[in-house]
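> Here it is, the structure, as structure tokens.
Read the figures in this text as sums done on the coordinates, not as results from a lab. Quick caveat: nothing in here was measured; it's all calculated off a predicted structure. In this analysis, Cβ positions are derived from the backbone assuming ideal geometry, glycine residues included, and neighbour counts consider all displayed protein chains.
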Amino acid sequence: MHELGIASGILTSAIDAAEVEDAVRINAVDVSIGVLTEVMEEALQFAWAALRSGTMAEAAVLNVTMLGASSRCTDCAHEYTHGRFDGAKCPACGSYIVELLHGRELKIDSIDID
Amino acid sequence: MKVDVERQILAANDVLATENRARFADAGVFVLDLMASPGAGKTSTILATIDALCDRYSIAVVEGDIASKVDAEKVRAHGIPAVQINTGGACHLESAMVRRAVETLDLVALDLVIIENVGNLVCPSDFDLGENAKVMILSVPEGHDKPLKYPNIFQVSEAVILNKYDTLGVFDFDEAQFRAVVGSLNPSAPVFPLSATKGDGVQAWAEWLAARIESARGDAS
């Protein structure tokens, strides 16, 4: 995954949102990232530290919430958590007609500003 | 103070992808994003697909490579319009690049645009280009364990082409294992074993693509 590109996307969006609020400083950015995106948090923090310099997010902490994968079976409504390889089949009824609920998130939840 | 943002991180790419998608739909053109490792047979598969479908559909190709015009030239030599994107280092195509590339194509006159993504089993799977469908190619010499190692590209693809099928006897490729793992990742994706250069199996793949094109037209009307 492109942690540098993702960090850049986070920074841009955070600054845009902060400017709308006439903020002078961003203290923290909260993001939710699904495990199926295979984003490595360590690499993301490294990229964040490098990119935030010289911006209003210079000292901003990046709070990452990693979300596990879960799906819902459209046949029996059973919801279940799973990994990469065992999500396609409902463990309750065996149906393959399932929908992914969580696991692919790549979003900014909120920013903390002054 | 805390401010809720609730915004997608890859918003910039996704916004343009959505615009691309609307533009393609308005023009009535089906767009396929074809992904695979370097050398797996993307260009060969495109040429074979053109041979199978050019009587029925008006086709153009968007080629994505880090450098060179090799692939666009091959497609043009085959009598089909081709636009070459050189990413200059980016390992995957993004929606902005595709938007610029299609400026030179008469989308309304076209039925099918095939985008040949940069050779890479990792990054292209993460980027929406505004396509109707993503399809990936795995070639027999690459090995049957690739779905275990690169699960995402198999998961986001609507179909999986198993190319260089004619080399099965030369390599230690366990097709049953390959199909089982692909099935665990993506049970609805058909697997098309074929040889793009020899032609075996191409018809089944081409018919699937034609059915997808017709289905998209049906959805649009």
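> Average partner chain C-beta neighbours within 10 Å, per residue of A:104-112? Show your work: numbers first, answer last.
Working: counts 4, 2, 6, 7, 7, 5, 6, 5, 3.
Mean inter-chain Cβ contacts per residue within 10 Å come to 5.
> Would you please give the residues with an amide H less than 5 Å from that of A:V98, counting only those at least 5 places away or on a separate chain, with H modeled from the backbone geometry?
Placed amide hydrogens put A:T74 under 5 Å from A:V98.
> Could you pull out every residue, at least 5 positions away or on a different chain, whose amide H is within less than 5 Å of the one on B:A133? Hs are placed 1.01 Å off N in the peptide plane, and Pro or chain starts have none.
Here the answer is B:V31, B:D33, since their amide H atoms fall under 5 Å of that of B:A133.
> Give me the inter-chain shielding for B:6-16: mean count of other chain Cβ atoms within 10 Å, whole number please. Before the final figure, lay out each step's value.
Working: counts 6, 12, 6, 18, 8, 7, 5, 2, 1, 0, 0.
Rounded to a whole number, the mean comes out at 6.
> How big is the charge dipole of segment B:1-80 about its Cα centre, in debye rounded to the nearest 20, if each Lys and Arg gets +1 on its Cβ and each Asp and Glu gets -1 on its Cβ? Spell out each step's value before the answer.
On the way: 9 positive and 12 negative charges, 12 e Å.
In total the dipole reaches around 60 debye.
> In addition: Let me know the charge dipole size of the protein assembly as shown about its Cα centre in debye, to the nearest 20, where only the beta-carbon of Lys, Arg (+1) and Asp, Glu (-1) is charged. Show your work: numbers first, answer last.
Values: 26 positive and 49 negative charges, 144 e Å.
So the dipole magnitude of the protein assembly as shown works out to roughly 700 debye.
> Counting only other chains, and only Cβ atoms inside 10 Å, what mean value do you get across the residues of A:7-16? Walk me through the intermediate numbers first.
Working: counts 1, 2, 7, 3, 1, 4, 7, 3, 0, 3.
Taking the mean over all residues of the peptide, I get 3.
> State to the nearest 20 debye the size of the charge dipole of segment A:68-107 about its Cα centre, where the only charges are +1 on K and R beta carbons and -1 on D and E beta carbons.
Numbers: 5 positive and 5 negative charges, 29 e Å.
Taking the Cα centre of segment A:68-107 as origin, the dipole is about 140 debye.
> A further question on this structure: For labels at B:T87 and A:V20 in the simple 7 Å Cα→Cβ model, what's the distance in nm?
3.0 nm
> Amide H neighbours of A:V61 under 5 Å, counting only residues 5+ apart in sequence or on other chains, H built in-plane at 1.01 Å?
Under 5 Å from the amide H of A:V61 lie the amide H atoms of A:A28, A:V29, each far enough along the sequence or on another chain.
> Please compute the contact order of chain A in relative form: average sequence separation of alpha-carbon pairs under 8 Å and at least six residues apart, divided by the residue count, as a percent.
Values: 222 pairs, mean separation 40.4, N = 114.
Computed value for chain A: 35 percent relative contact order.
> Can you give me the C-alpha center-to-center distance between segment B:191-219 and segment B:54-120, rounded to a whole angstrom?
19 Å
> Among B:G130, B:A22, B:V140, pick out the residue whose Cα is farthest towards the positive end of the charge dipole of segment B:1-149, where Lys and Arg carry +1 and Asp and Glu carry -1 on C-beta, about the Cα centre.
Toward the positive end, the furthest listed residue is B:V140.
> Please determine, in degrees from 0 to 90 and to the nearest 10, the orientation of helix A:41-51 with respect to the longest principal axis defined by the Cα atoms of chain A, where the helix direction is its Cα long axis.
Its long axis makes an angle of about 20 degrees.
> Just name one of A:A57, A:A14, A:G103: the one whose Cα is farthest towards the positive end of the charge dipole of chain A (beta-carbon charges, Lys/Arg +1, Asp/Glu -1).
A:G103
> Would you be so kind as to identify which of B:H92, B:M35, B:Y150 lies farthest towards the positive end of the dipole of chain B, taking Lys and Arg as +1 and Asp and Glu as -1 on Cβ and the Cα centre as origin?
Final value for the positive-end residue is B:H92.
> Right, next: In the structure shown, do any of B:K42/B:K146; A:K107/B:K69; A:K89/B:K42; A:K89/B:K198 have a Cα-Cα gap over 25 Å, and if so which? All intermediate terms of the calculation are to be shown ahead of the outcome.
On the way: B:K42/B:K146 17 Å; A:K107/B:K69 37 Å; A:K89/B:K42 31 Å; A:K89/B:K198 36 Å.
Violating the 25 Å Cα-Cα cut-off are A:K107/B:K69; A:K89/B:K42; A:K89/B:K198.
> For every helix of n ≥ 4 consecutive DSSP H residues, a contribution of -39,500 (n - 2.57) applies; sum these over chain B, divide by its total residues, and give [θ] at 222 nm rounded to the nearest 500 deg cm²/dmol.
Using -39500 (n - 2.57) per qualifying helix, the result is -11500 deg cm²/dmol.
> Spin-label point model (7 Å from Cα, Cβ direction): what's the B:R76 to B:K149 distance in nm?
Here the modelled spin labels are 3.6 nm apart.
> Now, a different point. Sort out for me the Cα centre separation of segment A:59-114 from segment B:132-181, rounded to whole Å.
A separation of 26 Å, based on Cα centres.
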